[in-house]
1. If a/c stays under 1.5 just call it rounded; otherwise compare a/b with b/c (prolate if a/b is bigger, oblate if not). Do that for the range 36-108, with a ≥ b ≥ c from the square roots of the Cα gyration tensor eigenvalues.
2. Averaged across orientations, what area in nm² does the convex hull of the alpha carbons in the range 122-260 project?
3. I'd like to check one number: the per residue accessible area of the range 257-354, probe 1.4 Å, reported in Å² as a whole number.
4. Of the accessible area of the chain, with the probe set at 1.4 angstrom, what percent is carbon plus sulfur?
5. Taking a threshold of 23 Å on the Cα-Cα distance, which of the pairs Lys121/Lys230; Lys167/Lys337; Lys291/Lys337; Lys210/Lys291; Lys184/Lys210 fall above it?
6. What residues have an amide H closer than 5 Å to that of Leu77, excluding those fewer than 5 places away on the same chain, when H is modeled at 1.01 Å from N in the peptide plane?
7. Once phi is turned into ³J(HN,Hα) by the Karplus curve 6.51 cos²θ - 1.76 cosθ + 1.60 with θ = phi - 60°, what whole-Hz value does each residue of the range 324-335 show in order, with x for glycine and proline?
8. Using a 1.4 Å probe, what is the accessible area per residue for the range 172-252, in Å²?
Amino acid sequence: MSQDLFQAPDYYQLDQLLTEEHLLVRDAAREWVKRDVSPIIEEAAQKAEFPKSIINGLAEIGAFGPYIPEAYGGAGLDQMSYGLIMQEIERGDSGVRSTASVQSSLVMYPIYHYGNEEQRKKYLPKLASGEFMGCFGLTEPDYGSNPGGMVTNIKDMGDYYLLNGAKMWISNAPFADIAVVWAKNEEGRIKGLIVERGMEGFSTPETHNKWSLRASATGELIFDNVKIPKENILPNKDGLSAPLGCLDSARYGIAWGAIGAAMDCYDTALRYAKERVQFDKPIASYQLQQKKLAEMVTEITKAQLLTWRLGTLKNEGKATSAQISMAKRNNVDMALKIAREARQVLGAMGITGEYSIMRHMMNLESVITYEGTHDIHLLITGLDITGISAFK
């Protein structure tokens, strides 16, 4: 088991832009990843198993709903802190960050913002502590980039709703205690509802044979005449803008998380290049290797500045959906390119589990697709700057 020697690049001294609280939160997450994630994550990825032993640790560092008020079990932190926690977790593994992102932005966020007081008190403290784990049901077999076309539906049966349909590619589904699910009512209006494990007709088969996010549990949500109590409907927002609001929060966290994956690949490549000797000198002394490393740290620095500014706007309540899309798209693309370049620096060693790079690269192939594909985010920016939709 190799020691985690990670040192974060901060070429433009961005730490000076962070508050003391931000640094404390980030460093606590960084140390936890070094201690509890790095030693086990390669084996978990090889076995394609989510390491449930880390759930308590995620809760302890505030990774579940960090911006949720303390009255509901959250840490009461700001959006910059949330981003920094996601950065550090994804430095360890994108699949682990996915678990935290789903819990925070796709389960706790809608219950807090769209739910009523009874729902907040019932679910949020248990989600914040990790006693309950949640998942988010939006994507369907035939509706990914076009979620508004969903066919999952609810019918008003008087005392309850009857839920039918299916969702797929759902992180946390196999072990989730609750699912925040989006379905159309009889008028075609999208509604959010909380489905609890154990409800008759509700099943969560696991998705196997993934080459990506192997340390994250993925599954389906199957609804066969599931009776949903009326008190489980989220009352304070409906329509497609409701789930898209959750996705904004998740995409924001991904923009930070991707920087973490990129930093880990760069740091690994830099250290290896200094130690690996060919033709009687370290390969870091050769121009082509320096070009790779210099371009990596440049792109990371640009992404750090972009995302710090986005975090500032988020804290001020000014960040737009389009701005979040731009950061998500840019940063994941940046991280994936760095992973590929870093793998080349390591040569054949780069494909082995002795180093994290190939695992990051495989994970990022999912991250660049989920929560809005690379191309969809480009079209969101296009719509924002031209005022013309390319979706229809």
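1. prolate
2. Value for the range 122-260: 9.2 nm².
3. Ligands and nucleic acids excluded, the figure is 47 Å² per residue.
4. Summing carbon and sulfur atoms, their accessible area is 50 percent of the total for the chain.
5. Going by Cα-Cα distance, Lys167/Lys337; Lys210/Lys291; Lys184/Lys210 fall outside the 23 Å limit.
6. Tyr67, Ile68
7. Working through the residues one at a time gives 5, 4, 4, 5, 4, 4, 4, 6, 5, 4, 4, 5 Hz.
8. Ligands and nucleic acids excluded, the figure is 40 Å² per residue.
The values are calculated or read from the model by the stated rules, or taken from the named source; none is laboratory data. Since the model is a prediction, treat every value here as computed from it, not as a measurement. Please note: Cβ atoms are built from the backbone with ideal geometry, for glycine as well, and neighbour counts cover all protein chains shown. In case anyone asks, the SASA skips ligands and DNA or RNA and just uses the protein heavy atoms, side chains included. Shrake-Rupley method; radii C 1.70, N 1.55, O 1.52, S 1.80 Å.
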